[in-house]
Amino acid sequence: MTRKTYAEALIDALVERAGEDENFAMIGRGILGHGAQAHFAEPLMEKYGHRVTDPPTAEGAVASLGIGAAMAGTPMFLHFGTASFAMEAFNQIIHEAGVAHSMSGGQIKVPIVFHMFHGLRRGGSGQHSLSPQSMFANNPGLHLMMPTTPGDVKGMLRAALKSDTPTLFIDHAALLGTEGEVPDGPYEIPLGEAAIRREGKDVTIVATSRAVLWAEAAADRLAGDGIDAEVVDPRSVVPLDTETIVGSIRKTGRLVCVEEGIQMCSIGSEIAALAAEQAFSSLKAPVVRVARPPAPVPFSPPLEEAMMPGPERIIAAVKTVMG
Amino acid sequence: MTRKTYAEALIDALVERAGEDENFAMIGRGILGHGAQAHFAEPLMEKYGHRVTDPPTAEGAVASLGIGAAMAGTPMFLHFGTASFAMEAFNQIIHEAGVAHSMSGGQIKVPIVFHMFHGLRRGGSGQHSLSPQSMFANNPGLHLMMPTTPGDVKGMLRAALKSDTPTLFIDHAALLGTEGEVPDGPYEIPLGEAAIRREGKDVTIVATSRAVLWAEAAADRLAGDGIDAEVVDPRSVVPLDTETIVGSIRKTGRLVCVEEGIQMCSIGSEIAALAAEQAFSSLKAPVVRVARPPAPVPFSPPLEEAMMPGPERIIAAVKTVMG
Amino acid sequence: MTAPPEPGNRVALFHCMVLMRRFEEEVLRIAQDHPYVGRQHLHIGHEATGAGVVSALEAGDLFHTNHRNHGYLIARGADPGRALAEIMGRKDGLNGGLGGPWHLCDRSAGFQSTSAMVGGSVGLAVGAAFGLKTQGSKAISVTHFGDGTLDEGICYEALNLASLLALPVLFLCENNAKEGQRPSSMLAAKVLHDVPDALQIRSMVVDGRDADAVAATAAEAVAHVRGGSGPVFLQADLERWPGSHQTTPEFPTGVTDLSLAWEEDRIEGPHAEWVRDHDGLRAYAKKLLADGTLSQDQVLEIDRGVLAGIKEARAFAEASPYPDPSRLLDNVFA
Amino acid sequence: MTAPPEPGNRVALFHCMVLMRRFEEEVLRIAQDHPYVGRQHLHIGHEATGAGVVSALEAGDLFHTNHRNHGYLIARGADPGRALAEIMGRKDGLNGGLGGPWHLCDRSAGFQSTSAMVGGSVGLAVGAAFGLKTQGSKAISVTHFGDGTLDEGICYEALNLASLLALPVLFLCENNAKEGQRPSSMLAAKVLHDVPDALQIRSMVVDGRDADAVAATAAEAVAHVRGGSGPVFLQADLERWPGSHQTTPEFPTGVTDLSLAWEEDRIEGPHAEWVRDHDGLRAYAKKLLADGTLSQDQVLEIDRGVLAGIKEARAFAEASPYPDPSRLLDNVFA
Ligand SMILES: Cc1ncc(C[n+]2csc(CCOP(=O)(O)OP(=O)(O)O)c2C)c(N)n1
Ligand SMILES: Cc1ncc(C[n+]2csc(CCOP(=O)(O)OP(=O)(O)O)c2C)c(N)n1
Ligand SMILES: [Mg+2]
Ligand SMILES: [Mg+2]
């Protein structure tokens, strides 16, 4: 175990994989973005920079390149930058990568990881702030990972890189600088295993990506008010660990869903629906969802701030479900 | 009132609008597809064919053309064909059309209707069978209409064509040949008004687009078993008539959600979440969702058939919630 | 059933063309006999191009095609019975019935995928070339697409990538545009290859109705690509067959009768013009007869052999059951 | 604050360039003074192009820009105070604080939108041209984008559409690519305009550092477009300013000192090379002094006037409050 930033742990996974498989290739510019953590990519670029292709600004064909190469047997890591840009490759991701294995009757495998940063990033406005995870989850054949901690990002990225299923790996740039314990050497976190970030008996808060940090902060403060919240982080959205999630809801009887994306037809909607389907008889109170308001992200700082489903809003939601 | 096909009613709305506003322009090829109803477009093409631009196969720029023209004050109707093709323009739809009005502080209006056919169409396989409605609904600034009847398509299309908000108008080719009473002359069906297709007291079935027909068929047969189902057709997904929908669930205490799309993070998830949030105390049984299985659409006829959330599956779901 | 034609073997080229034609005719017949087998995009009229290009390829080369794919698949040696079974959505189809006509895939024949998204195959093929290059393979990537595909931005982006990275990919553009009909291309360029030219991709143009010319030009193009000199854009100018985008299963130019290669007096009726002036298969038969490569009997013999094989293939496909619906979720994740 | 420069009025051109430069310098200062105003893409070094092209336009013309948009907005007559307020996310900003620097919009100045999606503005501008044509308007559509934008398929598709439909749109490509730095263009073409050329769009190339040349060439281009002869692709070859993609708010080439147009001995220090050899604003001042169009005093007078205006603008922006968060959902639907 070493204490590391999320950014370092992410790069660790890539360095390890590149070292193991000389056929593994990467494509994209600025894997850690342009922020304060960008330099953590240096160990990768120094050692394996020759295996990172710097592409033109042409997301559709770059995605196709990655998918076609993966189909031909070259495992790929593809970095889009802001998740918004991946929308230029939406068709290629869902209609080529997602369907190839099934449509070929299992003949074709597509070992590719699509990496991108989602969410509110300060000043991203309406075109650089997308959280596309719910949209991607509405498609078949694509795994969808959303790590939260340095320890998870390394193990989940490794699992994704070793998978023959195309995987959306959706990060949040605001997590890059967070620190945590990271096991040394290679390890995998199996797909489809949720993490219980905090045990509790009164209410279940299911949150993804950065929103987990807000949920934890809210839970800390709620503890002061005598409310014992359980925080569940699905980590992997597809496949989803319904067993753990529904188990927690059955235990507490109360559910708050938190996410940075827009609420309608979202992961939060899905978890709430699962509660209504599979934990109905245990539910003691109406479910509450906390999410980004359904508006284009405004530039103005206080307005962007108001978009965030941060601790305050989570606490208010929990108090509502506690009645 | 005249008895007409859905296809005729749809064309009526375009002919009327073109007659009223000589600035109104259309772009796209084969507005009614290539099936048995294609000829119903003739009255439009004969009279206003010169105002329909036949575009290159370049969905992204074609969408941009429509959006830019609408921003410049020319109301547009844009036909994509299969909804799958609209994925090549996903970025333009969500990141240009959807955000322009808000991001400009209200200066820019985008009067455009994006028309497309969603769903299982027999032989469409994994790349021509998309139901993108849930994904679109996860974005801000876009209205989303899904008519079911000939009377509705005409009035809803007119409302969409007169709106200054960009509108996704998602049709199902299998509806084109259905017949119904259509009021003569222009009329509008206001956005955000659900229709109760059938009143009932035991269970609420919320279904969209073609799935409404399956829900009605199921309700007919359930009546034989003494189950009195209410069928609610939201018609407009954004804005959603939560009042009517939640009202019905409160009344019956039971909910089945039906849609042709994939279940995860779907409209069905959203309705189920609304039930868990807003009708919790009235709910008498777990909610059940009926949707397309999470797989690429297979070509093989019996497998494609098995994808459909048709009457049998709806009946089974209703029987489950009836306990 | 048949190995792909060898370079320089003109009889094999002809055989391959006959196979392509008879296969497509059988697909039409299947569509007539079965109410529901999807919508077909047949390769009729493109045989000379298909056979010629395939003759220039080697076993490990990877192929990404578009919707007009049957001919290439068969020419590359895929089993016609399993191909027809796939087109019918049957269990023994190449993709187990999951793909259907628009998505035929035969990994063992280097047939990676068929994308029915216009432009899809072009991007994937550039990716395959990238993969092959990364692996240090000597194989090349080939993609086949129509003139209309250059309308799509993804095609342009992919051409640019291939040129920038000097990838081993052959872009085979089947140009079946024809004035007067609704054009499948709406490109403002004077000629299609102006676009790859602008992107510094070597381009070649060939009369796609002439199998010998295609075989020779394709051999040159493939040598360039395989030699590591970067991509080639090969534009094959073709006849637009009247049925190329039909929605109903009829024989718009009749069923092929190869004896019309010599009994020209018998060419009559509604399809006479096409048979006489546009049918590349008949023209090639005539050429091979004229230069003594084949006799009339040999032509008929080849045809009979192909027809017998197709008959068997059809029987195999018809006998194959539909897959079980429970297989739906089998291969969603790898 | 200032009307757009008139054709042939070189003093107005210069004034416009000074305004653009001083505005951007103020933006940098704001970014230094306020911890959070987003990331800026300044137009420094592009002034001659901006002013020259704007001088050729008329009032009703519609503009779609990319992320490097401030200069055009100001040159077209948008209020600098409201523009700075928008860049700061304030209530009195042009977009009410909702858009920010990447999405400045001023409908009254024909400034439709700024798309921060590379290629976004190109497609929208082709649409604006389509709209104007449909309306029978005499106005034209203008879009400004960088060399890197030709990498994107959407740009290619939009060029094709404009050419096919002969739309009244001026494509202004600011080519600030420079060897040695990471190129903003990764196009395999020999020169950028090879792509529009292939699509049969009339192209022109101009030295984008020479305001007179830009004004003259732009006038010719605009006449072509307004005359109904279809689109023009105007490639302005530019200096790549060292700060063009910076993430921290510093003055990479110092604060402009116009007296260095004549006191050249004083050009020294770390920025000397840029100031001496690359600063188009200084070069234009020198030219106007040399041919007697302006005196040194007049140059300084213009600069003082502009600076005073900018100071006022900044004060206005600073005084403007943030919008109320309750405004978030105001304009989601029209
Ligand atoms: C992205 C996308 N847009 C539209 C279509 C509909 N479509 C199917 S075939 C075709 C024409 C293709 O023309 P071309 O590439 O010349 O091939 P051809 O059929 O002429 O051989 C079109 C537009 C599609 N399949 N995919
Ligand atoms: C679709 C998309 N992909 C990537 C980006 C990130 N990006 C912002 S500016 C830029 C470079 C643009 O270069 P160019 O068009 O030459 O303009 P310049 O900044 O050089 O003036 C890129 C790639 C983006 N904004 N949008
Ligand atoms: Mg074609
Ligand atoms: Mg540039």
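The values are calculated or read from the model by the stated rules, or taken from the named source; none is laboratory data. Being a predicted model, the structure only gives us computed values, none of them experimental. We place every Cβ from the backbone using ideal geometry, glycine too, and count neighbours over all the protein chains shown.
Looking at D:VAL275, D:VAL225 in this structure, which one is β-branched (Val, Ile, Thr), in contact with a strand residue (DSSP E or B) (Cβ under 7 Å, 6 or more places away or on another chain) and at pLDDT 95 or above?
None of the others qualify; the one that does is D:VAL225.
I'm checking my understanding of the structure. Among residues of the stretch C:95-130 that are at the interface with chain A (Cβ under 7 Å from one of its Cβ atoms), touching a Gly at 6+ places or on another chain (Cβ under 6 Å) and not hydrophobic (A, V, I, L, M, F, W, C), which one is farthest from C:ASP330 (Cα to Cα)?
Only one residue fits best here, namely C:GLY127.
Of all the residues that make up the stretch C:4-17, how many are closer than 27 Å to C:PRO252 by Cβ and surrounded by fewer than 24 Cβ atoms within 10 Å (Cβ to Cβ)?
1
Tell me, which residue of the stretch B:81-104 that is over 23 Å from D:GLY99 (Cβ atoms) and buried (at least 24 other Cβ atoms within 10 Å of the Cβ) is nearest to ligand 1 (Cβ to nearest atom)?
B:GLU88
Based on this model, can you work out whether A:SER104 counts as under 20 Å from A:TYR6 (Cα atoms), modelled with pLDDT of 95 or more, facing another protein chain (nearest Cβ under 10 Å) and away from ligand 4 (no atom under 16 Å from the Cβ)?
no
Within the stretch C:130-156, restricting attention to residues that are of a type in the set (Ser, Thr, Tyr) and closer than 18 Å to C:GLN112 by Cβ, which residue is nearest to ligand 2 (Cβ to nearest atom)?
That would be C:THR149.
Scan the stretch A:111-138 for residues that are closer than 23 Å to B:ILE262 by Cβ and assigned to a strand (DSSP E or B) and jot them down.
A:ILE112, A:VAL113, A:PHE114, A:MET116, listed by residue number.
Residues of the stretch A:281-292 being surrounded by fewer than 19 Cβ atoms within 10 Å (Cβ to Cβ) and either not charged (D, E, K, R) or not assigned by TED's automatic domain parsing to the domain that holds A:LYS201 (or both), which ones?
Listed by number, the residues that qualify are A:SER281, A:SER282, A:ALA285.
Scan the stretch D:40-60 residue by residue and report those that are under 11 Å from D:VAL142 (Cβ atoms) and buried (at least 24 other Cβ atoms within 10 Å of the Cβ).
Scanning the stretch D:40-60 gives D:VAL53, D:VAL54, D:ALA56, D:LEU57.
Among (1) surrounded by 24 or more Cβ atoms within 10 Å (Cβ to Cβ); (2) more than 7 Å from every other protein chain (Cβ to nearest Cβ); (3) in contact with a Lys or Arg (Cβ under 9 Å, 6 or more places away or on another chain), which single condition is A:PHE117 missing?
Here A:PHE117 meets the rest and fails (3).
Results for (1) surrounded by fewer than 20 Cβ atoms within 10 Å (Cβ to Cβ); (2) among the basic types (Lys, Arg); (3) over 29 Å from B:SER102 (Cα atoms), shown as yes or no for each residue.
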residue: D:TYR284; (1), (2), (3): no, no, yes
residue: D:GLY292; (1), (2), (3): yes, no, yes
residue: D:GLN298; (1), (2), (3): yes, no, yes
residue: D:ILE310; (1), (2), (3): no, no, no
residue: D:ASN331; (1), (2), (3): no, no, no
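Just a yes or no: is a residue in the stretch D:101-108 assigned to a loop (DSSP other than H, G, I, E, B) and away from ligand 3 (no atom under 16 Å from the Cβ)?
Yes, the conditions are met somewhere in the stretch D:101-108.
Is it the case, given these coordinates, that C:ALA219 is at negative phi and small (Gly, Ala, Ser)?
Answer is yes for this residue.
Please note which helices (runs of 4 or more DSSP H) are completely contained in the stretch D:1-77 and include at least 2 residues that are touching a Cys at 6+ places or on another chain (Cβ under 9 Å) and touching a residue at least 12 places away in the same chain (Cβ under 8 Å).
D:47-55, D:70-75
Given the structure, is B:ALA215 out of contact with any helix residue (DSSP H, G or I) (no Cβ under 9 Å at 6 or more places or on another chain), on the phi < 0 side of the Ramachandran plot and at pLDDT 95 or above?
No: the conditions fail for B:ALA215.
Looking only at the stretch D:227-240, which residues are hydrophobic (A, V, I, L, M, F, W, C) and either part of a strand (DSSP E or B) or within 16 Å of ligand 3 (Cβ to nearest atom) (or both)?
D:VAL232, D:PHE233, D:LEU234, D:ALA236, listed by residue number.
Exactly one condition in (1) out of contact with any Phe, Trp or Tyr (no Cβ under 7 Å at 6 or more places or on another chain); (2) surrounded by fewer than 24 Cβ atoms within 10 Å (Cβ to Cβ) is false for A:ILE249; which is it?
Of the numbered conditions (1) out of contact with any Phe, Trp or Tyr (no Cβ under 7 Å at 6 or more places or on another chain); (2) surrounded by fewer than 24 Cβ atoms within 10 Å (Cβ to Cβ), the odd one out for A:ILE249 is (2).
State which residue pairs qualify: first residue closer than 14 Å to C:SER185 by Cα and within 14 Å of another protein chain (Cβ to nearest Cβ) and inside the stretch C:226-242, second residue away from ligand 2 (no atom under 16 Å from the Cβ) and assigned to a strand (DSSP E or B) in any location, beta carbons under 8 Å apart, and separation of 6 or more residues or different chains.
Close Cβ pairs satisfying both conditions: C:GLN235/C:CYS173; C:GLN235/C:ASN175; C:GLN235/C:SER203; C:GLN235/C:MET204; C:GLN235/C:VAL205; C:GLN235/C:VAL206.
Being away from ligand 3 (no atom under 16 Å from the Cβ) and over 19 Å from the mean Cα position of the chain (by Cα) is true for just one of A:ALA36, A:ALA86. Which residue is that?
Matching residue, one of A:ALA36, A:ALA86: A:ALA36.
Among the residues in the stretch B:157-165, are any over 16 Å from the mean Cα position of the chain (by Cα) and not in a loop (DSSP other than H, G, I, E, B)?
yes
If the requirement is being in a loop (DSSP other than H, G, I, E, B) and crowded, with 18+ Cβ neighbours inside 10 Å, which of these qualifies: C:GLY269, C:GLY243?
Residue meeting the stated conditions: C:GLY243.
Pull out all pairs, ordered by first then second residue, where Cβ-Cβ is under 8 Å, the residues are six or more apart or on different chains, the first lies in the stretch C:116-136 and is in contact (Cβ under 8 Å) with a residue 40 or more places away in the chain, and the second is more than 16 Å from ligand 3 (Cβ to nearest atom) and charged (D, E, K, R).
C:GLY120/A:GLU96; C:LEU124/A:GLU96
Examine the stretch D:310-333 for a residue that is touching a strand residue (DSSP E or B) at 6+ places or on another chain (Cβ under 9 Å) and either without any contact (Cβ under 8 Å) to a residue 40 or more places away in the chain or under 27 Å from D:ARG82 (Cβ atoms) (or both), and state whether such a residue exists.
There is at least one residue in the stretch D:310-333 that is touching a strand residue (DSSP E or B) at 6+ places or on another chain (Cβ under 9 Å) and either without any contact (Cβ under 8 Å) to a residue 40 or more places away in the chain or under 27 Å from D:ARG82 (Cβ atoms) (or both).
Name the residue, out of D:GLU239, D:GLU220, D:GLU250, that is within 16 Å of ligand 2 (Cβ to nearest atom) and of a type outside the set (S, T, N, Q).
One residue alone meets the criteria, D:GLU239.
State the number of residues belonging to the stretch D:124-182 that are surrounded by fewer than 24 Cβ atoms within 10 Å (Cβ to Cβ) and more than 16 Å from ligand 4 (Cβ to nearest atom).
11
How about the stretch B:210-323: which strands (runs of 3 or more DSSP E) wholly inside it have at least 1 residues that are within 14 Å of chain C (Cβ to nearest Cβ)?
So the answer is B:255-262, B:288-292.
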